[in-house]
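Each remark here refers to the structure printed beneath this line.
The values are calculated or read from the model by the stated rules, or taken from the named source; none is laboratory data. All of these numbers come straight from a predicted model, not from anything done at the bench. Neighbour counts are summed over all protein chains in view; Cβ atoms, including those assigned to glycine, are modelled from backbone coordinates with ideal geometry. Note: accessible area is taken over every heavy atom of the protein model, side chains too, but ligands, DNA and RNA are not part of it. Shrake-Rupley method; radii C 1.70, N 1.55, O 1.52, S 1.80 Å.
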Amino acid sequence: MATADGAAPPAMDEKARRTRDLLASFYNTDPSAAAGAAAPASLARPSPTAAPASPLDSINSASFDPDIYMNVLVQQSNLEGLLQRHVKMAAEIKNLDTDLQMLVYENYNKFISATDTIKRMKTNIVGMETNMDQLLAKITSVQSKSDTVNTSLFDKRENIEKLHRTRNLLRKVQFIYDLPTRLNKCIKTEAYADAVRFFTGAKPIFEAYGDTSFQDCKKASEEAMDLVIQHLQAKLYSDSEPIEARAEAVVLLKQLNFPVDNLKSNLLEKLEDCLLNFQNEPTQASIGDISKTFRAYLIIFPDSERRLIELAQALFSNRYETVRENLKKRIPSTDLLAILRSLWEDATAIDEVIPEAALPAFSLETTRDIIRQHIATAFLHLQSEISEALVRTRSTSNEKLEESQLQTAMEASKIKVSQGCIDLLQEFHHLIDGNIELLVKLRDLIIDWVQEGFQDFFQKLDGHFHVLSGRSKKKSQESTMHSVQIDKVPTVLVLMLAQLCVYIEQTTVPKVTEELAASFFGGGARSYEYGPPFVPGEICRLYRSSGEKFLHHYINLKTQKISKLLNKRFTTPVWIKHKEPREVNMFVDLLLLEINGVVSEVKQILPGIVRRHRHSDSTGSTTSSRSNPMREDMLNRSNTHRARSQFLENHLAKLFEQKMEIFTKVEYTQESVISTVLKLCLKSLQEYVRLQTFNRSGFQQIQLDMEFLKTSLKEFVDDEAAISFLLKEVNNAAHERCLDPIPLEPPILDKLINAKLEKIKEENPNMR
């Protein structure tokens, strides 16, 4: 059968289709209709484009032709197919007979059941009409008797109702006359609710008959109610009364139509004062009392909700602002957590009463800013403490220092940096370990802030180091906390900063990185486009570069200071009129004193031990190097020929000697720094010599001074060859700039040097 929209129904299996056809043929008396129902849907409503049905498929249709069916079957099937078709059709016929027999049995059972039901219905209906007639007769009898009773009692019922109304009226009249007495009793017992209830109940009668019959009662009652109103107002303004009693007083006043707008203003001002006292002295009241007060005010004055929201928000804004002010004093994280926990609990308690104030959201946002400020302040204070330690070193560096004083200051600065960072990590750990719901929501942000804080701290500390060293004139806000005069920066502070940078790069940053990975893992609240919050590699590169800059700056400062001494030495005298040398010049002592100062500073700050090489000729005797026969023969020549030969000798030696690397990379060791300072000073000395013109005595004075320095400087450096080369270059420069370059005789040179050494020993008996 076709569906309503013309679509063919889904295919059914053989058994279901056969059952449907049997039922259709059984219940339909029209054979053509039954045949049409049994036909396939494609035959009932053929499609214009559908192909003609196969004769083999029309066996169940009304137009079935056995002859055509057999002819087609014989033509299309072989013998084996015909036999299979025969077996299949026999089975179908047998199944159809069985199904038809079952349908007949089922219909027969249904007919029998329907017959039994009809018989029972006929049996039960018998006698029902008689019962209904009897019931109707009884109802009619009851109705007639009820009418008789109503008729006989009608007059008495009217009298009873009239007497009842009269009794109620008398009671009301008696109540009106007794009302003043009742009100006075209520005033004595402070039952103001009963008094208001009595008066409001009698008020309609007073409005109707108060000017005539009940004039006296009305006047007495109003006087009593005036007292009630006064007592209610007093209770409302009394601080000793509980808030529930005060709320009840306002409700009673409203029932009496008393204007409460002024009362509301006064009470809200009083609530403001109470909140202000709570903010200044939280111990004198609890947030539970404040919460009850807000709840009572909402009950008393429902239209004051907006004002109460403003008061609640102002209360917590001021309390959080107080916390912000306290952060400037560097409070511990545990104390801050206790304060934030208390504020969060208070905000939650108030939120239960006034959820429209959105105090939890406000607390979350404000706490976020406070914790971020707390972390930034902690880093700022650590930077300040490190700066104070370095500034104290600066203030004492101009004084006479003991042997280990600089070393102690250096170790103290290292401990301040390293231990200060570890202490901060331990303190910040309390922030992420707190069990406050507020901090759980901010955990990822706190981790990012701590890591960002360390990144920013190390960068700002590096900038502050540059300010302290005098290399940067820019003063940040942090550096203004300690006014550092960078005009006179001690060189030892620059050297300490260089070594401190190395310590931060090699020790502090790896330790902080390890602690962050162990305790502050997670985070990721910041956007990935900004990269990781803490990049230890970048910090290490920054401090490696700064350390090298500070080290070179220290060397430059020392070299400039000594160069000023050398410049003064060579620009003051008139070298063209110099007298014959009698002793080593005093500037050599000043130069050695400055170098000793460099050695003293470097020994206490940089690693490594300055090697002191004492050779067999360290006493100043140069006999072994000059008393050979060739040298003696050369000294016997004439002065002019000797000078000319020495000049040619020096230039020929330069041509054939191996090229020497004088300036190498500066390392963080004592030997490297001292050698570099000496080399730069000797190079400056060479340049100053080239700018002067000497006579014979001036040249001999330079020769004497350089020979003495050659002996003395061996104690300070490991690279003796480079120092000897530079001293020789100074002599060569003086030789080139001399008008009569005749050197001192070796015996005279040795005698003068030994005399200087003996003088030094006499002045310093403890000196070896």
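For residue 738, the residues whose amide H sits under 5 Å from its own are 694, ignoring neighbours fewer than 5 places away on the same chain, with H placed 1.01 Å from N.
Rolling a 1.4 angstrom probe over the protein heavy atoms with all chains in place gives region 78-172 an accessible area of 94 Å² per residue.
Taking the Cα centre of region 78-172 as origin, sum charge times position over the Cβ atoms of Lys and Arg (+1) and Asp and Glu (-1), and report the length of that vector in debye to the nearest 20.
Dipole of region 78-172, to the nearest 20 debye: 1160 debye.
Could you work out the local net charge near residue 438, counting Lys and Arg as +1, Asp and Glu as -1, over the other residues with Cβ closer than 14 Å to its Cβ? Kindly include the intermediate steps, with their values, before the conclusion.
On the way: positive: 341, 368, 372, 441, 443; negative: 345, 346, 351, 365, 369, 433, 437, 444.
Here the count lands on -3.
If 601, 158 are ordered by their accessible area, calculated over protein heavy atoms with a 1.4 Å probe, which sequence runs from highest to lowest? Spell out each step's value before the answer.
Numbers: 601 35, 158 95 Å².
My answer, sorted largest first, is 158, 601.
Accessible surface area normalised per residue over region 564-605 is 57 Å², counting heavy atoms of protein chains with a 1.4 Å rolling probe. Over all pairs of different C-alpha atoms in region 88-129, the reciprocal of the mean inverse distance, the Kirkwood hydrodynamic radius, equals 13.0 Å.
So what is the accessible area of region 721-767 per residue, in Å², with the probe set to 1.4 Å?
Working: 2420 Å² over 47 residues.
About 51 Å² of surface per residue is accessible.
Averaging the Cα positions of each part gives two centres, and for region 557-574 and region 696-768 these lie 18 Å apart.
Site pair residue 600 and residue 131 shows an inter-label distance of 13.4 nm when each label is modelled 7 Å from Cα along Cα→Cβ.
Accessible surface comparison of 108, 503, probe 1.4 Å, protein chains only, largest first: the order is 108, 503. When nucleic acids and ligands are ignored and a 1.4 Å probe is applied, residue 86 ends up with an accessible area of around 120 Å². Candidates 169, 103, 86 compared by Cα position along the dipole of region 78-172: farthest toward the positive end lies 169, with charges placed on Cβ. Viscosity 0.890 mPa s, temperature 25 °C: give me the Stokes-Einstein translational D for region 78-172 in µm²/s, with Rh taken as the Kirkwood radius over C-alpha pairs. For the chosen part, D equals 110 µm²/s.
Roughly how many percent of the accessible protein surface of region 78-172 is carbon and sulfur, given a 1.4 Å probe and a whole-percent answer? Numbers along the way, then the final one.
Numbers: 5630 of 8920 Å².
With neighbouring chains kept in place, the figure for region 78-172 is 63 percent.
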